[in-house]
Amino acid sequence: MTSTQAETDRSQLGTLSVLAWIGDPSAGHDMPYLLAYPLGDGPQGPQGSEEAVRGLLGEMGLRIGEVVENGTANPHKFQVKVVLADNQVALTLPGLNVTCTAPDEWVEAARESGRAYFLFSTRAWPEAVPGQPVTEEALRDFAGDEAVLNDCAHCLVTVQSLQK
C-alpha cells in the first residue's frame, strides 16, 4: 500500500508576489535575485499563508533554512522555473504562476549568467504590495533579516529567455 501527501490548498496562500533585484555590480556583486513571498492576506491570515508556503515547499522537496538547492544541475526536473521575456520575469511553481518586472541590470545579469538566486519566504510581507515600489531600505530590512532568511527556501535556478 502506498500513501501520498495531500496537495497544499493553494487558496490558503492568499496573494503571492515576486520581486527581482540585483546586488551592487560595482562591488562585484551582480547576482540577480528573485524573492517570492505571500502578503499574508489568505483566508487564515499570515499564519495560514505561512503554513501553505511551508506545505508547498515540502511538496516540492525544498528545504527551509541555509541549504541552497542547486536547480541548475538538472533544470528540466527542478520544479522552479524562471522565464525571462524582455523585462518580464515569469516564475512557475507547481500550480502557481507569478510575474514581475525586472530592472535592466537584473535582465542583463540573468542573461549573461543564465541563472538567478531564488528565495521563497514563508514569512508574509504585507507592506510589499504588487504594483507599488519597494524602497531599497524596505527590501534590505526584509530580505536581509536573518530570521526571514532562515525561513526561506534558497535555490540557484536556471533563467530561460524567450527570444524575439
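No other residue among Gln79, Gln12 is in contact with a helix residue (DSSP H, G or I) (Cβ under 7 Å, 6 or more places away or on another chain), open to solvent by 20 Å² or more (accessible area, probe 1.4 Å) and closer than 18 Å to Ala124 by Cα apart from Gln12. Applying the set (1) among the hydroxyl-bearing types (Ser, Thr, Tyr); (2) farther than 21 Å from Gly58 by Cα; (3) modelled with pLDDT of 95 or more to Ser113 leaves exactly one unmet item: (3).
Taking region 15-27 as the range and being of a type in the set (Ser, Thr, Tyr) and either open to solvent by 20 Å² or more (accessible area, probe 1.4 Å) or part of a loop (DSSP other than H, G, I, E, B) (or both) as the test, the residues that pass are Thr15, Ser26. Checking region 136-147 against the condition returns no match, with no residue being surrounded by 13 or more Cβ atoms within 10 Å (Cβ to Cβ), of a type outside the set (Val, Ile, Thr) and over 20 Å from Asp24 (Cα atoms). Selection over region 38-55 of residues that are touching a residue at least 60 places away in the same chain (Cβ under 8 Å) and crowded, with 19+ Cβ neighbours inside 10 Å gives a count of 6. Among the residues of region 87-102, the one identified as more than 14 Å from Leu35 (Cα to Cα), in contact (Cβ under 8 Å) with a residue 60 or more places away in the chain and open to solvent by 40 Å² or more (accessible area, probe 1.4 Å) is Gly95.
Residue by residue, here is whether (1) of a type outside the set (Phe, Trp, Tyr); (2) modelled with pLDDT under 95; (3) assigned to a helix (DSSP H, G or I) holds:
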| residue | (1), (2), (3) |
| --- | --- |
| His29 | yes, yes, no |
| Ala36 | yes, no, no |
| Gly42 | yes, yes, no |
| Val53 | yes, no, yes |
| Glu59 | yes, yes, yes |
| Thr72 | yes, yes, no |
| Lys77 | yes, yes, no |
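The values are calculated or read from the model by the stated rules, or taken from the named source; none is laboratory data. Note that this is a predicted model, so its numbers are computed, not measured. Positions of Cβ are backbone-derived with ideal geometry, glycine not excepted, and every protein chain shown enters the neighbour counts. Surface areas here come from the heavy atoms of the whole protein model, side chains and all, with no ligands, DNA or RNA. Shrake-Rupley method; radii C 1.70, N 1.55, O 1.52, S 1.80 Å.
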